[in-house]
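Bear in mind that the values in this text are calculations on the coordinates, not laboratory data. Remember, it's a predicted structure, so these values are computed and weren't measured experimentally. Using ideal geometry, Cβ is built from the backbone for each residue, glycine included, and neighbour counts are taken over all protein chains shown.
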Amino acid sequence: MAENIKNQQAILSKLGIEKLNAMQEEAFNTVTSNAETILLSPTGTGKTLAFLLPLIDGLNPNIKNIQALIVVPSRELAIQIEQVIREMGSGYKANAVYGGRSGSKDKVELKHPPAILIGTPGRVADHIERETFEINDIKTLILDEFDKSLEVGFEEDMKFILQELSSVKKKVLTSATQKVKIPSFMGLKNPKRINYLTKKTSNLKIQTVVANKPDKLDSLEKLLGQVGKGSGIIFCNLKASIEIVSNFLYNKKINHGCFSGDLEQLDRERALIKFRNGTHKILVATDLAARGIDVPEMDFIIHYELPTRPDEFIHRNGRTARMHSNGTAYILKSQHEELPIFIKDYEELQINSIKNIAKSNWNTIHISGGRKDKISKGDIAGLFFKQGNINKEELGVIELKQDCAYVAVSNSNINELINKLNNTKLKKKKVRVSILK
């Protein structure tokens, strides 16, 4: 047990976390000592770490096959969990597989099986059917955001996965929603429940803004001026609405990113990178961004269009006021628009004048070399300090991928910096350096 605590402290230190919160502590103890666990906790309370710590604690370093499978409803969530496991520095390999990327790329990575495989139901079922990897050593199955993974569209794939994984001894299901029926094919017998949904963990304020015009765009501009320097997501119900809002913001010279299922995977990923590192303070998105994406604490969210279901409202709001921080959910409504009955405890906000909207002074730079080239974040920082001659304050978030890297820089002479760094050597590789458009 002392060894486990020591390993846990080393992981938390790498992640920059001082100690686990009450939910994570309870989850560690429950998952470790029970065969079946259902973990219910609001978005942003740290569920990923809550199930990864006991999972890693139970892995066997002598087994060379996959030992744990994490099934998720979206590719963004798969990528996010893979990234978190890498940042934990446990020494165990993890790979993510999902639709929208080459199956042959999966096969190359899975030739050397990871200890932990993360994937979407369809892609995982496909690999099991093709016998891409050995499944007999998979003892742990985790369904993250299981309310989505067990929806009707995924049912056949999930049934097949459960049927094939006869060696599973431990099951963990997590969700930020309570009213979900767990189908019988999950085979749960006596699960232990951890429920933090009823406990007040949020400092969320809800405010309504009544728009003067039916399209609400002028009122959106006023509201963005009111929120000041903060960052947040503008939620729309339709992809067409995202285009309308985005065009309006573009014409007003308000920097922003867009995120929806209509976009290519690479464009979605780059939109999140720019939002994470502060290049964009605003993300215009559908409910795809309401959960399962890796973005930092934000100051506000705006319901540009009203959600139609209570769970959508909960998940959208869960992107702010996380982990006991303050945050505001703004509801932009037309004068005669009725609020759904599930929206309660709100106050009206009056906005009369347009204030200047704060602009970001960060840019994102793309580097054509990554983890497979043995390049580290330290190597990249050294390049920018030594050859780029920039100060520590001008270097922001560095995101290292398998074959490239993204770097946030605060520098007015961005073109001069690019000229200094482009076609230079990083480790043994000559890299191209460019502004991420």
In square nanometres, what is one fourth of the surface area of the convex hull spanned by the alpha carbons of segment 116-258? 13.1 nm²
By Cβ neighbour count within 10 Å, fewest first, V397, V108 rank V108, V397
Report the semi-axes of the equivalent ellipsoid for segment 32-90 in whole Å, largest first, where each axis is √(5λ) for an eigenvalue λ of the Cα gyration tensor. 19, 16, 12
Treating only the Cβ atoms of Lys and Arg (+1) and Asp and Glu (-1) as charged, compute the dipole magnitude of the chain about its Cα centre; round to the nearest 20 debye. 1400 debye
Counting Lys and Arg as +1 and Asp and Glu as -1, what is the net charge of the other residues whose Cβ lies under 15 Å from the Cβ of A96? -1
Working from the pairwise distances between different alpha carbons, so that the mean of 1/r is found and then inverted, what is the chain's Kirkwood radius in Å? 23.3 Å
Contact order normalised by length for the chain, with contacts defined as Cα pairs under 8 Å and 6 or more residues apart; what percent is it? 15 percent
Mind checking which of L417, F259, L55 is farthest towards the positive end of the chain's charge dipole, using Cβ charges of +1 (Lys, Arg) and -1 (Asp, Glu) about the Cα centre? L417
What order, most packed first, do the peptides 18-29, 139-150 have when packing is the mean number of other Cβ atoms within 10 Å of each residue? 139-150, 18-29
Report the local net charge at T37: Lys and Arg +1, Asp and Glu -1, summed over other residues whose C-beta lies under 11 Å from its C-beta. +2
Along the positive direction of the dipole of segment 203-348 (beta-carbon charges: Lys, Arg +1; Asp, Glu -1; about the Cα centre), which of S334, V295, Q207 reaches farthest? V295
Going through segment 225-327, which GluC sites (Glu not before Pro) have at most 10 other Cβ atoms within 10 Å and a DSSP loop state? E264
Taking 0.36 nm per residue of separation and subtracting the Cα-Cα distance, what length does fully extending K14 through K159 add? 48.5 nm
Set the Förster radius R0 to 22 Å, insert the Cβ-Cβ distance between E264 and D294 as r into 1/(1 + (r/R0)^6), and round the FRET efficiency to 0.05. 0.75
Only helical DSSP H runs with n ≥ 4 go in: add -39500 (n - 2.57) per run for the chain, normalise by residue count and round the 222 nm mean residue ellipticity to 500 deg cm²/dmol. -10000 deg cm²/dmol
Let me know the Kirkwood hydrodynamic radius for segment 25-171, please, with Cα pairs as the basis and the value in Å to one decimal. 15.3 Å
What order do you get for S167, S368 when you list them from fewest to most C-beta neighbours inside 10 Å? S167, S368
Which ordering of V97, V409 is given by a fewest-first count of other beta-carbon atoms within 10 Å? V409, V97
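If we count every other residue with Cβ under 11 angstrom of K333's Cβ, Lys/Arg +1 and Asp/Glu -1, where does the sum land?
-3
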